[in-house]
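Engineer: Handing you this structure, nothing more for now.
The values are calculated or read from the model by the stated rules, or taken from the named source; none is laboratory data. It should be emphasised that the depicted structure is a prediction, and the values quoted were computed from it without experimental measurement. As a convention, Cβ positions derive from the backbone with ideal geometry for all residues, glycine included, and neighbour counts pool all protein chains shown.
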Amino acid sequence: MEGGPLLSKWWKKASKDFVSYLNIEARTPAVPEQGMYKEKGGRGFPYCTIMNAAGEVIWEVRPTSEAVVAKGFANANKLVKIQAALSQKPDDKALEASASLLEGIGRSQRKAPAMSDMEEWGNVKGVDKVVVTAFNAWKKEQKIRGAMRRRGAAYKLMKEGTQPEKGSIYALGFFMNATRDAIAAKDAKIAAAALNRLQPEWKAYLKKNPSFAKNPRSKRTFDMIEGYADQVKDLQKKAGEDKSADKSGVDK
Amino acid sequence: MIRTTTLLASAGLLAGALSAQSMTERYQQKLEKEFVSNTAWVKSLDTAKSKAAKENKLIFGYFTRSYAP
């Protein structure tokens with residue numbers, strides 16, 4: 001974070017649209033505002049939040065890209081508006097559900113509400129459609145995130161038709177796992193589909209993190225993807241399919 | 001016995017003082033990092049709140065640490 005996005009040009013430009021507050025936990029009373037990250041709900045560093053003018057955390061977002069920051073602030077601004085409307089109409093159930101739902105999906109380190117409650121809020125008559133769309137996208141992301149921890153889960157999700165959007169922070173790992181597991185399952189169709197998503201995500205990752213290209217792990221990843229491409233070709237050959245994975249798409 | 005206790009207590013105090021000094025040094029080193037100068041960070045939450053209210057903006061709070069990498 002501190003050696004990457006927070007040094008970027010887009011971050012410098014974006015930060016003009018909000019007030020940037022820096023809190024450093026130093027474990028010495030000589031530094032003011034110690035222990036605040038815990039008070040605000042942080043459970044690990046870095047803890048990245050969007051706060052309202054009262055200093056209350058209303059959203060949590062890791063500024064990994066310009067789009068992620070923009071989306072985080074759009075959601076936080078939407079929440080502020082809904083909360084303001086709710087304060088004018090405290091008995092409005094749709095506004096209440098919209099605020100609770102949006103507030104819930106803005107939590108990553110703070111404890112999130114129960115999924116059953118969130119589903120219920122999403123079904124309240126008149127609930128904000130934009131919030132419901134954000135909730136559905138969030139649910140999908142949770143599913144993908146969960147699949148990263150279990151072997152075979154990314155492949156299973158791909159078979160069901162669920163996969164990360166282009167440029168998602170989970171995309172590279174997800175398609176790497178999905179390709180590996182589809183090959184293991186000898187599923188030529190899914191293996192080729194996962195590989196076709198993996199190759200451009202890898203290219204994009206290297207473009208975004210040029211220093212990683214010098215890392216020995218980069219060469220290992222390249223070799224792994226190249227190996228997958230060969231295995232997918234073999235699988236397709238065996239399955240009698242004419243589609244072939246474009247090995248030239250793999251970038252060092 | 002008393003002498004040993006006194007020595008141990010002194011060593012503990014010294015270690016504490018050194019540790020506090022080391023923590024302050026690490027904090028200063030953190031402040032010298034490029035990400036700090038790259039952004040117009042406000043280092044007091046009260047100031048950030050006032051600025052946010054005045055400029056009708058939200059606050060991005062970045063909580064990090066200097067005592068460990």
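Engineer: One residue is enough: does the stretch A:230-246 have a residue meeting the conditions within 23 Å of A:ARG145 (Cα to Cα), surrounded by 20 or more Cβ atoms within 10 Å (Cβ to Cβ) and at pLDDT 90 or above?
Structural biologist: No, that holds for no residue.
Engineer: Residue by residue through the stretch A:163-189, note down the ones that are surrounded by fewer than 20 Cβ atoms within 10 Å (Cβ to Cβ) and part of a helix (DSSP H, G or I).
Structural biologist: A:LEU172, A:GLY173, A:ALA184, A:LYS189
Engineer: Please work out which one of (1) out of contact with any strand residue (DSSP E or B) (no Cβ under 9 Å at 6 or more places or on another chain); (2) free of Cβ contacts under 8 Å to residues at least 12 places away in the same chain is the condition A:GLY55 fails and give its number.
Structural biologist: A:GLY55 satisfies every listed condition except (1).
Engineer: Output the residue which, of all residues in the stretch B:45-69 that are more than 7 Å from chain A (Cβ to nearest Cβ) and over 24 Å from A:LYS71 (Cβ atoms), is surrounded by the most Cβ atoms within 10 Å (Cβ to Cβ).
Structural biologist: By that ranking, first place goes to B:SER50.
Engineer: Anything in the stretch A:121-138 that is loosely packed, with under 15 Cβ neighbours inside 10 Å and closer than 20 Å to A:LEU79 by Cβ? List them, or say none. Break it down stepwise before answering.
Structural biologist: First, pick out the residues of the stretch A:121-138 that are loosely packed, with under 15 Cβ neighbours inside 10 Å: A:123, A:125-126, A:129-130, A:133, A:136-137.
Scanning the stretch A:121-138 gives A:ASN123, A:GLY126, A:LYS129, A:VAL130, A:THR133, A:ASN136, A:ALA137.
Engineer: If you don't mind, there's one more thing I want to ask. Restricting attention to the stretch A:54-84, and to residues there that are among the charged types (D, E, K, R) and in a loop (DSSP other than H, G, I, E, B), which single residue is modelled with the highest pLDDT?
Structural biologist: Restricting attention to the stretch A:54-84, the residues satisfying the condition of being among the charged types (D, E, K, R) are A:56, A:60, A:62, A:66, A:71, A:78, A:81.
Remaining after also requiring in a loop (DSSP other than H, G, I, E, B): A:56, A:62.
Details: A:GLU56: 97, A:ARG62: 91.
Only one residue tops the list, namely A:GLU56.
Engineer: For residues that are among the acidic types (Asp, Glu), within 16 Å of the chain's Cα centre (by Cα) and modelled with pLDDT of 95 or more, tally how many sit in the stretch A:167-203. So that I can check it myself, show each step before the final result.
Structural biologist: From the stretch A:167-203, those among the acidic types (Asp, Glu) are A:181, A:187, A:201; that's our starting set.
Filter once more, so that each one left must be within 16 Å of the chain's Cα centre (by Cα): A:201.
From what is left, the residues that are modelled with pLDDT of 95 or more are none.
So the answer is 0.
Engineer: Here's something else I'd like to know. Scan A:LEU6, A:LEU22 and give me the residue that is among the aliphatic types (A, V, I, L, M), modelled with pLDDT of 95 or more and either within 20 Å of B:ARG26 (Cα to Cα) or under 20 Å from the mean Cα position of the chain (by Cα) (or both). Before the answer, list the steps.
Structural biologist: Details: A:LEU6 fails: modelled with pLDDT of 95 or more.
One residue alone meets the criteria, A:LEU22.
Engineer: Could you check the stretch A:65-83 and list, in sequence order, the residues that are exposed (fewer than 15 other Cβ atoms within 10 Å of the Cβ) and farther than 26 Å from A:ALA94 by Cα?
Structural biologist: The answer is A:ALA67, and nothing else.
Engineer: Can you tell me how many residues in the stretch A:142-156 are in a helix (DSSP H, G or I) and under 19 Å from the mean Cα position of the chain (by Cα)? Break it down stepwise before answering.
Structural biologist: Narrowing the stretch A:142-156 to residues in a helix (DSSP H, G or I): A:142-147, A:153-156.
Those still in the list that are under 19 Å from the mean Cα position of the chain (by Cα) too: A:142-147, A:153-155.
Counting residues in the stretch A:142-156 that are in a helix (DSSP H, G or I) and under 19 Å from the mean Cα position of the chain (by Cα) gives 9.
Engineer: Moving to a separate point now. Among the candidates A:LYS125, A:LYS139, which residue alone is in a helix (DSSP H, G or I) and either in contact with a helix residue (DSSP H, G or I) (Cβ under 9 Å, 6 or more places away or on another chain) or modelled with pLDDT of 95 or more (or both)?
Structural biologist: Details: A:LYS125 fails: in a helix (DSSP H, G or I).
From the options A:LYS125, A:LYS139, the qualifying one is A:LYS139.
Engineer: Continuing with the same structure: Would you please name the residue that is nearest to the other protein chains (Cβ to nearest Cβ), looking only at residues in the stretch A:29-53 that are surrounded by fewer than 19 Cβ atoms within 10 Å (Cβ to Cβ) and either among the basic types (Lys, Arg) or part of a helix (DSSP H, G or I) (or both)?
Structural biologist: Checked the stretch A:29-53; the qualifying residue nearest to the other protein chains (Cβ to nearest Cβ) is A:MET36.
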